[in-house]
Amino acid sequence: MQVPFLDLKLQYQRIKGEVEPMILDILEKCCYIGGAYVNDFERQMENYLSAKHVAGCSNGTDALVLGLKSCNIKPGDEVITTPFTFFASAEAISSVGAVPVFVDVRQDDYNIDPDRIEEAITDKTKAIMPVHIFGAPCDMDKIMAIAKKHNLKVIEDAAQAIGAEYKGRKAGTLGDVGCFSFYPTKNLGGAGDGGMVTTNSDALGVIVRAYREHGAAQGGAEALELLEGVKEQIHTKEEVTELYNPYKYYNYLIGYNSRLDAIQAAVLSVKLKYVDEYNRRRSEIAKMYLAGLTGKLRKPAYSDDVKSCWHQFVVRSDYKEELCAYLTENEVGNGSFYTVPLHRQKAFNKYNCKNPGVSQPVAEEISSQSVCLPIFPEMTGEQVQYVIDTVNRFYEGK
Ligand SMILES: Cc1ncc(COP(=O)(O)O)c(C=O)c1O
């Protein structure tokens, strides 16, 4: 039996009938960027997350940059994050000129260890970026309490965590801002790149929207005032003519071009209707894995406070390479995230982070053992059982 690591075609077949007329409508109307599809998707997402503001953007990496910028993270500021994540988490910190400070993760859920955060705080620390890795929310009560005590911002990297919950609240709505990715392989994936920033703060909502569009026009002026207390009074109503609107033609911040396009918004708004169903099926598959896989490998263990959206199912094996080769030989798709923890990445090796090369033993151990098994909503029960049997057969006699 063949079990792919992921099969996006199956998902597309199911939604094709809904998606294609919308894409044709966009092509006919030539409303490629912004407009009704983007606005509708943002409002649907606000409703889904119970978040006050959702701003779509170009991708998850940009969402993190916009999140950091909106929290006024500046060059030289330190931002605490995990070394066991996708490169983009810390890359975003560096790309706004700030310094990532890596704090090791926990054995069971692979997430940043809140009990080790305080020892990394200095007078330069301005924010914490928890990453809900593989779709399982971090220990947010502890993280928020530390942030409050030290007056730090919290930028959640929820790129992998759409629909996941912490104590009944959606991941990405617990910190100051939440940052999501709609990369096609995500639980809610577009037909290309996409992302969004969420916040419950009216001020941060204004600032994120301004940064995503060149800090332009009235939104830019409002954002500048919120960020720097600089009130722009150069434009009076009398200056505005039909042909010339000073607000419209001025830029107030050095921002970005990071808009979500209409085709992505249309695809995402269709898939959003099914995302809970997709996540439920992922959770059923995870339950089968947790019950059926041999105890000779280590499985993820989450607290009862956490409802994972099971973006990935990652086990730990002392025979990582051998197991991956055996799975491939037996036509079971597999992956390995993240083989190189970020403090060992070339880009963070000698510079660009606070503690280059300083050992993060738990992250290193997990990196050397992590094996991702297939988990996607369209997987059949037979396929899940075949994966379990194949893994267990590998372990016979080990
Ligand atoms: C944890 C994490 N952060 C950030 C990103 C960046 O998202 P994107 O690829 O949409 O830029 C990803 C995407 O893979 C991710 O998994």
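The values are calculated or read from the model by the stated rules, or taken from the named source; none is laboratory data. Quick caveat: nothing in here was measured; it's all calculated off a predicted structure. When we count neighbours, we look across all protein chains shown, and the Cβ atoms used for this are built from the backbone with ideal geometry, even at glycine. For accessibility, only protein heavy atoms count, side chains too; no ligands or nucleic acids. Shrake-Rupley method; radii C 1.70, N 1.55, O 1.52, S 1.80 Å.
Observations on the structure shown:
- Over the chain: helical MRE at 222 nm, DSSP H runs n ≥ 4 each giving -39500 (n - 2.57), nearest 500: -12500 deg cm²/dmol
- Just checking the listed ones, Gly17, Gly190, Gly219: in the Gaussian network model of the chain with Cα springs under 10 Å, the one fluctuating most is Gly17.
- The string of couplings for segment 42-53 from the Karplus curve (6.51, -1.76, 1.60, θ = phi - 60°) is 4, 5, 4, 5, 4, 5, 4, 8, 6, 10, 6, 9 Hz, one whole number per residue in order, with x for Gly and Pro.
- Heavy-atom accessible area for Arg316, with the other protein chains in place and a 1.4 Å probe, reaches approximately 10 Å².
- For Gly255, nonlocal amide neighbours, meaning residues 5 or more places apart or on other chains whose placed amide H falls under 5 Å from its own, are His214, Gly215.
- Scalar couplings 3J(HN,Hα) for segment 362-376, obtained by applying the Karplus form with A = 6.51, B = -1.76, C = 1.60 to θ = phi - 60°, are 5, 4, 5, 5, 5, 4, 7, 10, 6, 10, 9, 9, x, 8, 8 Hz; x denotes Gly and Pro.
- For the chain, with +1 on Lys and Arg beta carbons and -1 on Asp and Glu, the positive-most of Met129, Val275, Ser201 along the dipole: Met129
- Within the chain, the ratio Rg/Rh, alpha carbon atoms throughout and Rh by Kirkwood, equals 1.00.
- Where labels lie 7 Å past Cα in the beta-carbon direction, separation of Cys31 and Glu322 in nm: 6.0 nm
- Cα centroid separation - segment 172-232 against segment 367-398, whole Å: 39 Å
- Here the contact order of the chain, divided by its residue count and restricted to Cα pairs under 8 Å and six or more residues apart, works out to 22 percent.
- With both residues required to sit in the chain, DSSP beta bridges show an antiparallel share near 60%.
- Diagonalising the gyration tensor over the Cα atoms of segment 256-313 and scaling each eigenvalue by 5 before taking the square root yields semi-axes of 32, 14, 10 Å, largest first.
- Ranking Ser303, Asn349, Thr339 by Cα position along the charge dipole of the chain, where only Lys, Arg, Asp and Glu carry charges on their C-beta atoms, puts Ser303 farthest toward the positive end.
- Rounded to the nearest Hz, the phi-derived 3J(HN,Hα) couplings of segment 193-199 under the Karplus curve 6.51 cos²θ - 1.76 cosθ + 1.60 (θ = phi - 60°) are 7, x, x, 7, 10, 10, 7, where x marks glycine and proline.
- Entry comment: accessible area of the chain is 44 Å² per residue, from protein heavy atoms only and a probe of 1.4 Å.
- With K and R counted +1 and D and E -1, the other residues having a Cβ less than 10 Å from that of Lys299 yield a net charge of +1.
- Surface share of carbon and sulfur [accessible, 1.4 angstrom probe, percent] for the chain: 51 percent
- Span per principal axis, largest first, for the Cα atoms of segment 275-395 (Å): 48, 33, 22
- Amide H contacts under 5 Å for Lys153: Ala127, Ile128, restricted to partners 5 or more places along the chain or on a different chain, H placed in the peptide plane at 1.01 Å from N.
- Proximal lysines to Lys149, defined as alpha-carbon separation beneath 29 angstrom and excluding residues fewer than eight positions away on the same chain: Lys52, Lys69, Lys74, Lys124, Lys126, Lys167, Lys170, Lys307, Lys354
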